[in-house]
Structures are given as C-alpha cells and as structure tokens.
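Working notes for the structure below.
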Amino acid sequence: MKRVISAVLSLLVVGLLVSALIGCGAEIKAENERLKAENTSLKSDNDRLKLDAQKLKEDAQKMAAEKDATINNLKAESDALKKQVEDLTAKIPKKKK
C-alpha cells in the first residue's frame, strides 16, 4: 500500500512539475514575442532617429556655411563703405586757418 501511495504521489509531483513547466513556457513564449516586437519597433525608431540626426548635422553645416558667407559679405561691404568714406573725406577741401 505504501508503494502505491508513494507511486501516486510521485506521479502527482511529476505531473505538477510538468504542468508548471508547460504553463510557464507559454507565458515565457508570449513575453518573448512581445519583447521581439518591442525590439523591432525600437530598432526602426533608432534608424529613423539616426537619419534625423544626420539631416540635422547637414542642416547645421549648411547654416554655418551660410553664416560664414554672410559675415564675409558684411565685412566686404563694411570695407567698401570705409573706403568710400576715406575717398569722400579726401575730396573735402581742408579749411584754411
């Protein structure tokens, strides 16, 4: 009788262990699928952000080049105006004392 009870309890324990493993396997599989989908989403977001960052870098370089060109144009214009002032100043007759 003890052997029968021992066998039944052993089978019961093995059955509980197997059912626990099967139940956890389904949850783990579902969690794994969810994580895979999230990973794919994050990868696509990362790729998009890399493209956005590259575009922003290009825009910043373009704006820096435009700023430099504007500064150079303003310097040239300022130099031309200074030259004009000097020329006009030289043309003004000096007052006699």
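Observations
- Ignoring lysines fewer than eight residues from residue 75 along the same chain, the ones with Cα atoms less than 29 angstrom from its Cα are 57, 62, 67, 83, 91.
- Over the chain: helical MRE at 222 nm, DSSP H runs n ≥ 4 each giving -39500 (n - 2.57), nearest 500: -35500 deg cm²/dmol
- Projecting the Cα atoms of 71, 25, 81 onto the charge dipole of the chain (Cβ charges, centred on the Cα centre) puts 81 farthest toward the positive pole.
- Within straight-line cross-link reach of residue 2, lysines at Cα separation under 18 Å, skipping those fewer than 8 residues along the same chain: none
- Helix 2-91 and the long axis of the chain differ in direction by around 0°, with both axes built from C-alpha atoms.
- Value in Å of the Kirkwood radius, where the chain supplies the Cα pairs that are averaged: 22.3
- Magnitude of the charge dipole, the chain, Cβ model with Lys/Arg +1 and Asp/Glu -1, debye to 20: 800
Any read-out appearing in this document is the output of simple, stated calculations on the displayed coordinates, not a laboratory observation. Please read all numbers here as calculations on a predicted model, not as lab measurements. Cβ sites come from the backbone with ideal geometry, for glycine too, and all protein chains shown count toward neighbours.
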